[in-house]
1. Please report how far the C-alpha centroid of segment 1-28 lies from that of segment 45-109, rounded to the nearest whole angstrom.
2. I'd like the orientation of helix 105-114 relative to the chain: the angle between its Cα long axis and the longest Cα principal axis, in ° from 0 to 90, rounded to 10.
3. I'd like the Karplus ³J(HN,Hα) series for segment 68-83: coefficients 6.51, -1.76, 1.60, θ = phi - 60°, whole numbers in Hz, and an x wherever there's a Gly or Pro.
4. Can you tell me which of E105, E57, E47 moves the most in a GNM of the chain? Springs connect C-alpha atoms under 10 Å apart.
5. Under a 10 Å cutoff between Cα atoms, tell me which one of V109, V29, V80 has the largest fluctuation in the Gaussian network model of the chain.
6. Hey, what's segment 19-107 come to in accessible area per residue, 1.4 Å probe, Å²?
7. Considering the values (1) 24.0, 72; (2) 19.5, 55; (3) 14.6, 42, which represents Rg and Dmax of the Cα atoms in Å as calculated for the structure under consideration?
8. Of L53, L12, L111, which has the largest mean-square fluctuation in a 10 Å C-alpha GNM of the chain?
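The values are calculated or read from the model by the stated rules, or taken from the named source; none is laboratory data. Predicted, not measured: the structure shown is a model, and the values here were computed from it. A quick note on method: Cβ atoms are made from the backbone with ideal geometry, for glycine too, and the neighbour counts reach across all protein chains shown. Side chains are part of the model used for accessible areas, which takes the heavy atoms of the whole protein and leaves out ligands, DNA and RNA. Shrake-Rupley method; radii C 1.70, N 1.55, O 1.52, S 1.80 Å.
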Amino acid sequence: MGEMRDRLVKELKLRGYSPKTLRAYVYVVHSFVRFHKRPAEQMGSSEARVYVLHLIEDKQVASSTANQAVCALRFFYTKVLRCPFDLQDLPFGKRRRALPPVLTEREIVALLDAEQNLKHRAILMTLYSGGL
């Protein structure tokens, strides 16, 4: 992994990637090789797919972490090893969208009643009625 790691670091630096991204990509590739216990040159997109599935199912990482692993492996195989890497074999995960918390009627009344200044209360009521 030493020579491949150096090539990966040089390629990332040449392209202007941030130091945090560099560390993350090196960690992902190192973990990938350690997971399969084989050199990266002997593996391809099918092993990368198994590794990302392991991250999602076994380690239960967030979708953004899994997507970062996908990006790191795609970069490593296409730019460093210059191997044909079918991008369709390793898709990005979907992000879960959380709904914003909704205030109860009692909380809204308490919020509006807390302001004594009439002008400020009118501003708060206008903001609330406008959905802001």
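1. 19
2. 70
3. My calculation for segment 68-83 gives 5, 5, 4, 4, 5, 5, 4, 4, 4, 6, 7, 9, 8, 7, 6, 9 Hz in order.
4. Comparing E105, E57, E47 in the GNM, the peak value goes to E105.
5. The residue that fluctuates most here is V109.
6. Values: 6270 Å² over 89 residues.
Normalised by residue count, the accessible surface of segment 19-107 is 70 Å².
7. This structure yields the entry labelled (1).
8. It is L111.
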